Amino acid sequence: MKNIGFFLFLLLFYGAYGQSNDSVINILKMDLENKNLNRKTFISQLNDNESFVMKFESRGCFHFNKSKLIISKKSGEYFVEYLNKRRHIDFLEHEIVHDFEMELYQKDLNNYCTTQDYYTITSRKETLTIIDGSCSWRGFQSLLSDLKLK
């Protein structure tokens, strides 16, 4: 919210000098994407006895699916819980979750598809929601497959 003044300045400046609103929207979009590129992943911020919940919802003309994945850390070890089954995850699986998060943060915010995939990640400290309307990235399904949960 600190940058809202800067964004308003951009809107006024570009609007006053005949720039299209699309230019301003693209500048704001790039700023939001850059912030997501620089953010730390939830898995990298976990302390012992903490967890985060990743909720996934896919809504389309003919479907509605939702699912939940929990990642936790206890005594320096990481665990995944899915469909009421909990198991240890090794270093490579930790990296899979980390890479998934980084890819999610880089998602294009275009929503040209009637199917919308909602990713909501919640920890003790924050909640982040990203909407993917590209119809081309099947991130959650790939994550489940890569973690051999599906």
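The values are calculated or read from the model by the stated rules, or taken from the named source; none is laboratory data. All values derive from a computational prediction rather than experimental measurement. Using ideal geometry, Cβ is built from the backbone for each residue, glycine included, and neighbour counts are taken over all protein chains shown. When the accessible area is computed, the model is the full protein with side chains, heavy atoms only, and any ligands, DNA or RNA have been set aside. Shrake-Rupley method; radii C 1.70, N 1.55, O 1.52, S 1.80 Å.
Any residue in segment 85-99 that is more than 18 Å from the chain's Cα centre (by Cα), among the aromatic types (F, W, Y) and not in a helix (DSSP H, G or I)? So far as segment 85-99 goes, no, none of its residues is more than 18 Å from the chain's Cα centre (by Cα), among the aromatic types (F, W, Y) and not in a helix (DSSP H, G or I). Has segment 67-84 got any residue that is within 16 Å of the chain's Cα centre (by Cα), closer than 18 Å to S142 by Cα, open to solvent by 60 Å² or more (accessible area, probe 1.4 Å) and of a type in the set (D, E, K, R)? Taking every residue of segment 67-84 in turn, at least one turns out to be within 16 Å of the chain's Cα centre (by Cα), closer than 18 Å to S142 by Cα, open to solvent by 60 Å² or more (accessible area, probe 1.4 Å) and of a type in the set (D, E, K, R). Restricted to segment 119-150, and to residues there that are at pLDDT below 90 and of a type in the set (S, T, N, Q), the residue that is surrounded by the fewest Cβ atoms within 10 Å (Cβ to Cβ) is S136.
What are the residue pairs meeting all of these: first residue in segment 75-97, first residue within 18 Å of T41 (Cα to Cα), second residue open to solvent by 50 Å² or more (accessible area, probe 1.4 Å), Cβ atoms under 7 Å, and 6 or more apart or on different chains? Partner pairs satisfying both residue conditions: G76/D48; E77/H88; F79/R86; F79/R87; F79/H88; V80/R87; I96/D146. Filtered by the rule that a residue be touching a residue at least 24 places away in the same chain (Cβ under 8 Å), open to solvent by less than 90 Å² (accessible area, probe 1.4 Å) and polar (S, T, N, Q), segment 38-65 gives T41, S44, Q45, N47, S51, S58.
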